[in-house]
Structures are given as structure tokens and as C-alpha cells.
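This report concerns only the one structure given below.
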Amino acid sequence: GNSVTQMEGPVTLSEEAFLTINCTYTATGYPSLFWYVQYPGEGLQLLLKATKADDKGSNKGFEATYRKETTSFHLEKGSVQVSDSAVYFCALQSGGTSYGKLTFGQGTILTVHP
Amino acid sequence: EAGVAQSPRYKIIEKRQSVAFWCNPISGHATLYWYQQILGQGPKLLIQFQNNGVVDDSQLPKDRFSAERLKGVDSTLKIQPAKLEDSAVYLCASSLGVTSNTEAFFGQGTRLTVV
């Protein structure tokens, strides 16, 4: 079945540091890949997505590239801010009988200090 | 545009009691999902509706959980009787359809504590 594995957290960084959160997946076929973010006290929000191999999703300075050869979708940001402190979830969506269903990783807590 | 509305935000019940959660999706969204998020884990799909029909309920513990989506709009998720391990955040999400180009929008969730 489908699965998503994220790097162990939590991650603690200083403001303006470089961020990488690793994500690898197992899926049949050609899934779409997503990063969702959950700010304190809020619901899950879509951060970025990529729907085919070599696509790069980007939003708010965050980027992730769909690497089919390594089954990865690592999240990166060149300079994090305190306001980026949140929980980040990698997810995939594949076809089949329940198209639309998202399979999530376990989440990575990011804390950015001034 | 109003988002996905869920109620209540918090609920504390004793084990073996029953509880119900309500979700109002974004207007016009045909697909509705219920996810369970246990502390420290990612959300896991419980049930997916397309209009008022069930598309996937393979992970729903049907001996105690039930869900309905009358008239293809609002949805209710019920647990009866609750167990300690049901303590989690229950997330409702909706989308226009089920393709990769249709974003799923999530509500703020209902945090259930079973004591």
C-alpha cells in the first residue's frame, strides 16, 4: 500500500537558517505529492504540490521537487522566519478506487527562534 | 468564501459513552472526507463521500464508528461506544472533486478526549 515517511523531528532553527525536511514515499503508479502546514490553533493548509516527476512546487519561499528516481519530495526554504514555526506534513494522493484520498507522513514540528 | 466548519471544537467524554461530530463543507464541494489524527501522527482517512455516497470506508472501525452525509452536504461522524484509543483530532475536509488539481480544504478539527 501507499506510505509516506518524514524525517524525525522536532527541528529547531534560528531565524534565516536553511531548512530541509526530508520526505520519501512508497506508492503504486504515479502519485501526486503535497506538503501541508498546520500553524498553531489552525487547520491543515496546502503549502505546495507537484503532480508529476521533476515538477517543482513552490509557495511562500518553500520549494519541493518531485524525484521519482529516489521517491522523494524534500521540503526546502533558504531563510526561515519565526512565523514559519508550525507542523509540516508530507502527503501523497494516488489513483484507484478512492482517488482523492491523501496518505500523510507523521509530521515534522518546526520551531524557529529569533 | 467560508471554509469548512466543524463542531464542536473540543469534547471530553468517558469511555463507553457516545459522541457525534458535525461538518459543513465548502458550498459546492462534492467530496467530503473524515480523517483521524492521533497525537504525534499524520491524519488517517476514515471515510470518503462523493455527494451522499460512500467511496471509501475501508479504515472506518464499523463496529463503533458510523458516518452519514444526508443530501450530499453536511456530514455527521458518530462513535458509539467510545474507547480510550479514540482520543484524537477528527478532521473534516472537502474538495470540488477528486483529481490532483482539486485542493482539499480542511476544517480546524474536533479534539476528542476519552477518559
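A few comments on the model shown:
- In the stretch A:45-58, the residues that are within 12 Å of chain B (Cβ to nearest Cβ), in a strand (DSSP E or B) and open to solvent by 10 Å² or more (accessible area, probe 1.4 Å): A:Q45, A:L46, A:K49
- Filtered residues of the stretch B:82-115 (kept if in a strand (DSSP E or B), touching a Leu at 6+ places or on another chain (Cβ under 8 Å) and more than 14 Å from chain A (Cβ to nearest Cβ)): B:V114
- Filtered residues of the stretch B:50-81 (kept if part of a loop (DSSP other than H, G, I, E, B), more than 24 Å from B:E14 (Cα to Cα) and away from every other protein chain (no Cβ under 14 Å)): B:N52, B:R69, B:V73, B:D74
- Residues in the stretch A:64-84 that are free of Cβ contacts under 8 Å to residues at least 40 places away in the same chain and in a loop (DSSP other than H, G, I, E, B) were compared, and the one that is farthest from the other protein chains (Cβ to nearest Cβ) is A:E69.
- The set of residues from the stretch A:73-106 being among the hydroxyl-bearing types (S, T, Y) and either more than 11 Å from the chain's Cα centre (by Cα) or under 15 Å from A:N2 (Cβ atoms) (or both) comprises A:S79, A:S83, A:S85, A:S94, A:T97, A:S98, A:Y99, A:T103.
- The single condition among (1) out of contact with any Leu (no Cβ under 9 Å at 6 or more places or on another chain); (2) buried (at least 18 other Cβ atoms within 10 Å of the Cβ); (3) within 14 Å of B:A88 (Cβ to Cβ) that B:L39 does not satisfy is (2).
- In the set (1) out of contact with any Leu (no Cβ under 6 Å at 6 or more places or on another chain); (2) under 22 Å from B:H29 (Cα atoms), B:K62 fails one condition alone, (2).
The values are calculated or read from the model by the stated rules, or taken from the named source; none is laboratory data. Because the structure is a prediction, the values reported are computed rather than measured. Positions of Cβ are generated from backbone atoms using ideal geometry, with glycine treated the same way; all protein chains shown enter the neighbour counts. These area figures cover heavy atoms from the full protein model, side chains too; ligands, DNA and RNA do not enter into them. Shrake-Rupley method; radii C 1.70, N 1.55, O 1.52, S 1.80 Å.
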